[in-house]
Amino acid sequence: MAIVSLRGKRVKRPEAKPPKKREWMKMLTLWAVAIATAAALGPLILAAFDKLCPFDTSPVFAGCITVIVTYAAKSYGEKASRNKHGLDENGRPWTKEEINNG
């Protein structure tokens, strides 16, 4: 920790946390949510204007839902493993304060 002078007082400035990495699976899941929503709403919007959908969107929707369910299972498995081994979300061991606070 760096020491900084602030109005004549010496205080310790907390170190900056490194930015979190973006998980590719989370980004893929967000895209899957967007595409699944479009695949589900597309035929409904076209039906509202008395138009026919030129293709079947159910395989696209099913594929996107599969990605979303896979991400949910992966995240749950990682969380359960971290809890079992006493690690936080960054892979560091829990501190005694975190254990006592719940």
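Does residue 78 qualify as being loosely packed, with under 10 Cβ neighbours inside 10 Å, assigned to a helix (DSSP H, G or I) and on the phi < 0 side of the Ramachandran plot? Against the criterion (loosely packed, with under 10 Cβ neighbours inside 10 Å, assigned to a helix (DSSP H, G or I) and on the phi < 0 side of the Ramachandran plot), residue 78 does not qualify.
Scanning segment 53-71 for residues that are over 15 Å from residue 36 (Cα atoms) and either surrounded by 11 or more Cβ atoms within 10 Å (Cβ to Cβ) or in contact with a strand residue (DSSP E or B) (Cβ under 9 Å, 6 or more places away or on another chain) (or both) returns a single hit, 53. Considering segment 10-38, and only residues there that are at pLDDT 90 or above and more than 26 Å from residue 90 (Cβ to Cβ), the residue that is nearest to the chain's Cα centre (by Cα) turns out to be 34.
The values are calculated or read from the model by the stated rules, or taken from the named source; none is laboratory data. As the structure is a computational prediction, the values presented were derived from the model and not from experiment. Methodologically, a virtual Cβ is constructed for each residue, glycine included, from the backbone with ideal geometry; neighbour enumeration extends over all protein chains shown.
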